[in-house]
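First the structure, in the form of structure tokens, and then the observations on it.
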Amino acid sequence: MKFWKISLPFLMVTLGINLAYAKKEPKYEQAHQLTAEQSALVEKAIAREKIIIKNIQQRTPLVETYIQEMKPDEKLYQVPTSDTYMLNRVDFRKTFGDKPYAARAEKGHGFFKGSASAFANIGKALHLDKETFNTAGFTQMMFLDPIGFDQQHYVFSYVRREFLGSVRTWEFDVHPRQDVKGYGRFTGRVWIEDQDGNVVRFNGSYTESTSEDNNKEYFHFDSWRMNMQPDLWLPVAIYVEESQRVEGGKMVGLRAQTHFWGYSLTLPTRESENVSVQVEGAVDQSADSQDVTPLQATREWVQQAENNVLDRLVQAGLLAPVGDFEKTPLEQIVVNLAVPNNLNFPDPIHVRILLTTTVEATTVGNTILLSKGLIDTLPRNEESLAAVVALELAHVALGHHIDTRYAFNDRLLFPDESSFQRIKMNHSDADNVEASKTAMTYLQNSMYKDKLANAGLYFVQLQDLGKQLKQLNSPKLGDSMLKEDGTPWMAELAKQAPKLNQDDTTQVAAQPLGSWLKTDPWDDKEHALNAKFYAPMNARDKMPFEVTAIYYKLQRYDDAQKAPVAAPGAAPAPAPANGQAANPTAPNGNN
């Protein structure tokens with residue numbers, strides 16, 4: 001056997017050549033020359049970006065961010081370890097600046113100056129509060145580059161055409177030119193719709209043009225926009241994910257969703273059975289009207305406080321206007337509980353949806369409020385919905401009404417961002433204990449009595465993850481489903497549930513966030529998802545209460561208005577067998 005002897009100087013020279021060659025390798029792939037048609041579309045997109053920024057400058061939407069820290073798990077891939085929740089009303093008229101990209105030492109480049117505190121809090125929660133962090137680092141993901149998005153600063157390479165829903169798009173890979181200085185430039189892929197040239201989706205990260213890797217202060221993200229009005233595309237959601245970060249010698253990750261809504265907040269219009277109608281030829285019979293008893297007067301006073309609060313919450317973008325989902329199946333469930341329990345309410349009981357992701361519920365007079373996060377994470381069966389409705393229905397029946405001081409309108413004259421602090425709608429511990437006992441009686445007397453074990457699973461799963469997801473279970477306006485010690489208020493119902501079994505794919509105790517509803521970011525209405533639902537194939541598919549990736553099947557505004565609207569359906573049926581899709585549960589959804 002022959003052994004080749006290689007001198008050390010020769011080896012060092014060889015390695016030196018290889019290292020030198022490696023340094024000369026281009027950072028990005030060679031871009032293909034754009035055709036005239038492709039280049040024209042890119043130029044149109046560049047012009048449209050400036051229009052989108054001007055449109056956003058006129059808005060004051062709500063910006064909600066929910067973050068879950070993740071850790072590796074052998075069976076489930078990743079599991080949440082902690083969470084952070086933030087909700088801000090942002091006035092974009094005061095947030096834009098025209099300063100150019102600054103050197104790194106100057107920290108930031110003057111973007112979103114007016115909302116620095118709100119976005120700084122988001123950044124800190126995402127661990128973006130390092131020395132190199134700029135406060136716009138997170139919400140900058142709404143935009144590709146608000147200052148220098150053009151072909152002088154970026155290289156565009158055509159990829160292919162793709163439909164996102166019914167919107168045909170052209171995909172381009174984008175990266176900063178090698179000779180462009182500054183940091184925080186976008187690198188990734190953009191989807192440009194082919195009709196007007198709007199960028200409707202982009203994902204990637206921001207990086208320094210001269211560095212080999214992405215900066216640590218920027219995460220990878222997927223940003224989506226929606227056609228909300230004619231010729232108006234605005235940001236609707238951002239998904240952030242990092243699974244390969246090392247902090248303190250440990251592999252950690254995070255997932256985050258930011259949602260935007262309330263782009264067109266206006267004074268609410270309340271539907272009422274007692275509307276004032278002018279009728280020709282009507283005879284004045286006011287002298288024959290009935291007098292009002294003290295009990296009726298008291299109920300009217302409570303009703304006035306209720307109406308004032310509900311209107312104020314809608315105006316602040318915290319409560320969805322009345323939609324189909326509230327009427328069916330939620331108010332039908334109220335009937336299913338009230339009739340067998342002989343609950344004869346003097347006024348109809350309504351159910352409304354709080355727009356928060358936090359898991360909470362409360363009552364305002366004769367109105368039950370359930371948060372979007374609570375509904376979204378409930379299993380897809382009617383008995384689970386009935387369990388949370390029963391708890392709030394008991395509060396109404398027991399007279400646990402809102403503070404009547406809100407019957408005076410002047411008590412609600414405060415800025416929207418103060419709503420969480422100024423409006424108190426939570427019940428006392430004593431009220432919750434009493435209501436939970438009464439709710440159990442309602443359920444046992446109802447059509448759901450033989451399915452209470454299924455309903456109890458949700459509360460078992462909620463308790464199991466309560467320590468990790470404290471922010472998700474910290475109510476902003478109402479009551480948590482958990483006591484301070486982490487046990488559920490509906491503990492008696494939870495006792496009837498079977499033991500949690502991750503490997504049992506037929507047992508779905510809770511769903512990921514976003515599993516039932518979607519919010520219209522323009523008018524704040526809630527719609528049931530119009531989607532096929534599949535049973536989990538393994539334990540990883542369950543993802544109870546978890547943040548997941550987002551995907552929208554986009555529609556143009558005109559097409560959405562022309563689409564036929566079917567009649568709302570009943571509550572969805574249980575999940576089908578493995579691999580089989582369920583029928584859509586309700587119309588009006590497109591994501």
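The values are calculated or read from the model by the stated rules, or taken from the named source; none is laboratory data. Since this is a predicted model, take the numbers as computed values, not measurements. FYI the Cβ positions are ideal-geometry reconstructions off the backbone, even for glycines, and counts take in every protein chain you see. Each accessible area value is taken on the protein alone, full model and side chains, heavy atoms only, with ligands, DNA and RNA left out. Shrake-Rupley method; radii C 1.70, N 1.55, O 1.52, S 1.80 Å.
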Legend entry - Length released on extending from K54 to L398, taking residue separation times 0.36 nm less the Cα-Cα span: 118.7 nm
Inset, instruction - About the Cα centre of segment 442-549, how large is the charge dipole given +1 on each Lys and Arg Cβ and -1 on each Asp and Glu Cβ? Please answer in debye to the nearest 20. - result: 160
Legend entry - Two-site FRET efficiency, Q178 against K553, from Cβ-Cβ distance with R₀ of 45 Å, rounded to 0.05: 0.75
Inset, instruction - Go through F163, F345, F202 and list them by solvent-accessible area, largest first, probe radius 1.4 Å. - result: F163, F345, F202
Inset, instruction - With all protein chains present, calculate the accessible area of T81 using a 1.4 Å probe and round the result to the nearest 10 Å². - result: 60
Inset, instruction - State the extension gain, in nm to one decimal, for the chain segment bounded by Q195 and D231, taking 0.36 nm per residue of separation less the distance between their alpha-carbons. - result: 11.9 nm
Inset, instruction - Using only the Cα atoms of segment 433-480, build the gyration tensor, take square roots of its eigenvalues as a ≥ b ≥ c, and label the shape rounded, prolate or oblate: rounded if a/c is under 1.5, else prolate if a/b is larger than b/c, else oblate. - result: oblate
Inset, instruction - Would you please classify the overall shape of segment 419-505 from the alpha carbon gyration tensor, given that a ≥ b ≥ c denote the square roots of the eigenvalues, rounded means a/c under 1.5, and beyond that prolate means a/b larger than b/c while oblate covers the rest? - result: oblate
Inset, instruction - For Q152 and S474, compute 0.36 nm times the residue count separating them, minus their Cα-Cα distance, and round to one decimal in nm. - result: 111.1 nm
Legend entry - Shape call, segment 523-563: gyration tensor on alpha carbons, a/c limit 1.5: prolate
Legend entry - segment 474-530 - accessible surface per residue (Å², probe 1.4 Å): 43
Inset, instruction - May I ask you to evaluate 6.51 cos²θ - 1.76 cosθ + 1.60, the Karplus curve with θ = phi - 60°, for each residue of segment 358-364 and list the ³J(HN,Hα) values in order in whole Hz, giving x for glycine and proline? - result: 4, 7, 7, 7, 6, 10, 10
Inset, instruction - Go through segment 476-487 residue by residue and turn each phi into a ³J(HN,Hα) via Karplus (6.51, -1.76, 1.60, θ = phi - 60°); whole Hz please, and just put x for glycine and proline. - result: 9, 10, x, 10, 6, 7, 10, 6, 4, 7, x, 8
Inset, instruction - Would you grab the residues whose amide H sits under 5 Å from the one on L529? Only those 5+ places off in sequence or on another chain, please, with H modelled 1.01 Å from N. - result: L517, K518
Inset, instruction - Which order do the peptides 43-52, 460-469 take when ranked by the mean count of other beta-carbon atoms within 10 Å per residue, highest first? - result: 460-469, 43-52
Inset, instruction - Leaving ligands, DNA and RNA out of it, work out the accessible area of E492 with a 1.4 Å probe and give it in Å² to the nearest 10. - result: 110
Legend entry - Most to least accessible of H175, H153, H32 (protein chains only, probe 1.4 Å): H32, H153, H175
Legend entry - Where labels lie 7 Å past Cα in the beta-carbon direction, separation of A430 and W301 in nm: 2.1
Inset, instruction - Enter the accessible area of T84 (Å², nearest 10), with the probe set to 1.4 Å and all protein chains included. - result: 50
Inset, instruction - Taking 7 Å along the Cα-to-C-beta vector as the label spot, tell me the E37-K449 distance in nanometres, rounded to one decimal. - result: 6.8
Inset, instruction - First select every other residue whose beta carbon is under 10 angstrom from the beta carbon of P536; then total the charges, Lys and Arg +1, Asp and Glu -1. - result: 0
